[in-house]
Amino acid sequence: MRILTLNTWGTRGDWREREARFRDCVEQLAPDILTLQETVHAPGTHQALRMLGEQFHIADGQERESGRPGAPQGQGITTASRWPFGRVVEVDLNLTDRTGDFACTCLITEILAPHPLGRIWVAHHFPDYQLDHELERCLQAAAVARKLEELVKESPGHVVIAGDLDAEADADSVRFLTGRHVIDGFSVCYRNAWEAVRPHEPLTTYSSLNPYRQEPDWPFHGIDHVMVRCATAGPTLLATSCRRVFDVGTEIVSDHYGLAVDYEVASSTW
């Protein structure tokens, strides 16, 4: 199974040209599941459908931008899958009074994959982006993790969290998800694919070398992640490959680089 995550940068700039290049890269990468951030879904525009066509099942988050300066109207998140969806649940991440100007959300889709994968709960997580909002990101990560624990207890399956988490691996919100931090007496453990496959290589997905990036000195660089829930014996899916994509020459289509992760089923029980 291959999962691809990318912050698409909405319809900014030369988006029709970027869209064509995106389609070419997706055809080459052949992902099974995609988590796309900053896709625009508004009257007259269904960006994800234009980008992916009819070959994928598409679920769009309901939480959408409504006028934040610099953000296209209707910007939000989209999950796409070659396999059909079961249940779709959206977790409200507006947990403090500081999140009102951003469409932070988590779209959880139940993906009904064939054997030997079976059910996969994909949590497309898009928390608050502001540099000083790690408090919100911690609260949001815990809210998502609690909901996933409820869902997997009721309907066991693999659980993947993917998206633009707006925080690096050493941030408390990500440390919580990877089993290194406790929030409100609650803990979980997800295995970060980059850390599993490239443990000695720093992750950079939001780079000052990217020609589309506009902030000259944004301090967080490795902010896009893919991770899988651990059972007693470790992650239920083993990352066999994790690489940066949309990161070279004409393949760059956004102010973020993307990640592509290949998984195989582990022997761990749920």
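The values are calculated or read from the model by the stated rules, or taken from the named source; none is laboratory data. The structure displayed is predicted, hence computed values, not measured ones. Glycine gets a Cβ as well: all are built from the backbone with ideal geometry, and neighbour counts include every protein chain shown.
Structure data summary
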| read-out | value |
| --- | --- |
| Residue match in the range 148-159 (condition: at pLDDT 95 or above and in contact with a Leu (Cβ under 7 Å, 6 or more places away or on another chain)) | yes |
| Every residue from the range 250-264 that is under 16 Å from Met227 (Cβ atoms) and of a type outside the set (D, E, K, R) | Gly258, Leu259, Ala260, Val261, Tyr263 |
| Flag for Glu136 being more than 14 Å from the chain's Cα centre (by Cα), acidic (Asp, Glu), closer than 23 Å to Glu215 by Cβ and buried (at least 17 other Cβ atoms within 10 Å of the Cβ) | yes |
| Candidate set: the range 1-48, residues that are basic (Lys, Arg) and more than 28 Å from Thr240 (Cα to Cα); chosen: the one modelled with the highest pLDDT | Arg18 |
| Residue ID - surrounded by the most Cβ atoms within 10 Å (Cβ to Cβ), chosen from residues in the range 31-43 that are more than 20 Å from Asp255 (Cβ to Cβ) and over 17 Å from the mean Cα position of the chain (by Cα) | Ala42 |
| Residues of the range 44-84 satisfying the condition of being small (Gly, Ala, Ser), crowded, with 16+ Cβ neighbours inside 10 Å, without any contact (Cβ under 8 Å) to a residue 60 or more places away in the chain and within 19 Å of His256 (Cα to Cα) | Ala48, Gly76, Ala80 |
| Near pairs, Cβ below 6 angstrom, 6+ apart or cross-chain, from the range 122-142 (in contact (Cβ under 8 Å) with a residue 12 or more places away in the chain and within 17 Å of Val160 (Cβ to Cβ)) to any residue that is among the hydroxyl-bearing types (Ser, Thr, Tyr) and in a helix (DSSP H, G or I) | Ala141/Ser173 |
| Matching residues in the range 139-151 - criterion: being under 15 Å from the mean Cα position of the chain (by Cα) and under 9 Å from Ser173 (Cα atoms) | Gln140, Ala141 |
| Qualifying residue in the range 25-33 (condition: of a type in the set (S, T, N, Q) and closer than 21 Å to Ile223 by Cβ) | no |
| Criterion: in contact with a helix residue (DSSP H, G or I) (Cβ under 6 Å, 6 or more places away or on another chain), of a type outside the set (A, V, I, L, M, F, W, C) and either under 26 Å from Tyr129 (Cα atoms) or touching a residue at least 24 places away in the same chain (Cβ under 8 Å) (or both) - qualifying residue of Thr39, Thr11 | Thr39 |
| Among the residues listed as Ile111, Ile77, the single one being within 18 Å of Glu154 (Cα to Cα) and in contact with a Phe, Trp or Tyr (Cβ under 9 Å, 6 or more places away or on another chain) | Ile111 |
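Here is a yes/no grid of residues against (1) within 17 Å of Cys230 (Cβ to Cβ); (2) buried (at least 19 other Cβ atoms within 10 Å of the Cβ); (3) of a type in the set (Lys, Arg):
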{"position": "Thr109", "(1), (2), (3)": "no, yes, no"}
{"position": "Trp121", "(1), (2), (3)": "yes, yes, no"}
{"position": "His124", "(1), (2), (3)": "no, yes, no"}
{"position": "Leu131", "(1), (2), (3)": "no, no, no"}
